[in-house]
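The values are calculated or read from the model by the stated rules, or taken from the named source; none is laboratory data. Just so you know, these numbers come straight off a predicted model, no measurement behind them. Note that each Cβ is placed from the backbone with ideal geometry, even for glycine, and that neighbours are counted across all protein chains shown.
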Amino acid sequence: MSRERWGSRSTFVLAAIGSAVGLGNVWRFPGQAFANGGGAFLVPYFIALITAGIPLLVLELAIGKKFQKGAPGSLKSVCKKAEGLGWWAIATSFVITAYYCIIMAWAFNYVWHSLTLAWGSDSGSYFFGNVLKLTDSPGTLGGLNIPILIGLILTWVCVWFCIHNGTKSVGKIVKYTVPLPIIMLVLLGIRGLTLPGAVEGLSYFLTPNWSALLDVNVWAAAYGQIFFSLSVLFGIMIAYSSMLPKETDIPSNALVIAFANSSISFMAGITVFSTLGYLANVQGVNISELGYSGVSLAFVTYPAVISQLPGGVVIQVIFALMFFIMLLTLGIDSAFSIVEGIVVAIEDKFHWGKKKTVTIVCFAGFAAGLLFATNAGLYWLDIMDHWVNDFNLIVIGVFECIVVGWIYGADKLRNYFNEGSEVKFGKWWNVMIKYVIPAILFVITVIYLKTNISNAYEGYEMKYLLIGGWGMVLVTILVGFIFSMFKESKSN
Ligand code: PHE
């Protein structure tokens, strides 16, 4: 069977931008910048982008295009033993998909709540109490939360719909889901910037605290943000580029993707902080007293701002709808890209047929997500995110660089992607892949282990961290190993 292909170069680039630009740009980047030195964070951020983000993006796009397989298949072509590493990345993606879609399910619920601005004057207790019905411990699951379950079903139906026809349906969808949220972000930004307090908000975001640059944790945060944001190390970019025709230019496309992604992150920072400045102004508090990161930014702080917007209820409802629809359209192409990474990997090996594989993976992802649809879902999401996302990915990154940089040969791959490219990457790329990225990731791993072994993350009881954290890490490794052991079925 011949491999499916992207309709055009621009469809591929849009889809890759769609994957990179997601919820992470809106709440992760501004929050990270704020917590790690404000404007000074841009320095480690850009250094991380150039030394690790772009080189890894090029690496992944190049091996996908060269070997025409998803992550496990491509890594296997590089080195037989590395197939398990690819499957480990895929198992990691699976866990991440399960909870990424739950956040989308919350956003679906909030589109509904926006119609009546249902959070009223206390958006915090509305979110944790009325919407999530959060229990007091991860051990008290408290049953399935029906509205969230409905949101989850809607999310998975959308994901299925977007990818059921492979690159054809993805191509049609990304024409809308990539530009639409950007337009909404700009509109929200204009509103934010024209509110009183915006300037204070922005100066909070951008005033550099140079001493932060001396803190290794700030650097670790910058690298972590770059990997998550560019969707590298999840097997997605490899899968997407495995459907590229031979003549596509990798380095210049990678630069376009990376530039678009960082610009949108920066724009989101401006939108978010100018708006937070307004809220602080209305409430007469300091911005640091407002929730500005993670789920609370989107589901607690932003709704609070919306209720305070001047112009009456209709305007508030319009902005509320715009914000949550923006989140949904931002998230959807990231969500289906992770699923597509898994589907391509399975399809390459087992040849079940694309539609059938999509349906099975969507169903499995939905079933796995049920845990997060319970009333203790947020706790498990938080714990798994901290281990499976943060820890697995950095370790996968170290191995990926070793396998490609040392076993396959950085120079060989560089010659391959430079050939016929408008932009040529020099020897510095080899140095990044072979030495700099593995060394940095190694340091981040050590810091991670040190903090997480001596402290209970967020004060959770150890047993939950063992199950949802270290336990899940082991499960993903095991699943990766088992999948690499299966024999490849014959294609039909
Ligand atoms: N890059 C996406 C974001 O910033 C998140 C994501 C990670 C998407 C991994 C797909 C895979 O939100």
Problem - I318 farther than 22 Å from Y240 by Cα and part of a helix (DSSP H, G or I) - result: yes
Practice task
Taking V256 as meeting all but one of (1) among the β-branched types (V, I, T); (2) more than 18 Å from L327 (Cβ to Cβ); (3) within 15 Å of the ligand (Cβ to nearest atom); (4) part of a helix (DSSP H, G or I), write down the number of the exception.
Solution key: (3)
Handout entry: Complete set of residues in region 23-45 that are of a type outside the set (F, W, Y) and more than 16 Å from the ligand (Cβ to nearest atom)
Key = A35, N36, G37, G38, G39, A40, L42, V43, P44
Practice task
Please state which one of G420, G471, G397 is in a helix (DSSP H, G or I) and over 18 Å from P72 (Cβ atoms).
Solution key: G471
Handout entry: Tabulated pairs, region 349-369, first over 11 Å from V159 (Cβ atoms), second outside any helix (DSSP H, G or I), C-beta under 6 angstrom, 6+ apart or interchain
Key = K349/E488; F350/S489; H351/S489; H351/S491; K354/G166; K355/H164
Fill in the blank from the handout: Being modelled with pLDDT under 95 and within 21 Å of V43 (Cβ to Cβ) narrows A268, A258 down to just A268
Handout entry: Which numbered condition R5 misses (of (1) crowded, with 23+ Cβ neighbours inside 10 Å; (2) more than 16 Å from the ligand (Cβ to nearest atom))
Key = (1)
Practice task
Tell me which residues, restricted to region 159-181, are part of a helix (DSSP H, G or I) and either polar (S, T, N, Q) or surrounded by fewer than 19 Cβ atoms within 10 Å (Cβ to Cβ) (or both).
Solution key: F161, T167, K168, S169, G171, K172, K175, Y176, T177, P179, L180
Exercise for the section: Out of D333, D249, report the one residue that is within 14 Å of the ligand (Cβ to nearest atom), in contact with a Gly (Cβ under 7 Å, 6 or more places away or on another chain) and of a type in the set (D, E, K, R). Expected result: D333
Practice task
Would you confirm whether any residue within region 231-252 is without any contact (Cβ under 8 Å) to a residue 40 or more places away in the chain and hydrophobic (A, V, I, L, M, F, W, C)?
Solution key: no
Practice task
Evaluate region 339-360: report whether one residue or more is small (G, A, S) and farther than 25 Å from P181 by Cα.
Solution key: yes
Handout entry: Residue that is surrounded by the most Cβ atoms within 10 Å (Cβ to Cβ) [pool: residues in region 36-84 that are more than 27 Å from V13 (Cβ to Cβ) and of a type in the set (A, V, I, L, M)]
Key = A82
Practice task
Assess whether M243 counts as being out of contact with any Gly (no Cβ under 7 Å at 6 or more places or on another chain), buried (at least 19 other Cβ atoms within 10 Å of the Cβ) and part of a loop (DSSP other than H, G, I, E, B).
Solution key: yes
Practice task
Kindly provide the set of residues from region 137-152 that are loosely packed, with under 15 Cβ neighbours inside 10 Å and assigned to a helix (DSSP H, G or I), ordered by number.
Solution key: I146
Completion exercise
Per the filter on region 227-246, residues hydrophobic (A, V, I, L, M, F, W, C) and near the ligand (Cβ under 10 Å from one of its atoms) are F227, F228, L230, V232, L233, F234, I236, M237
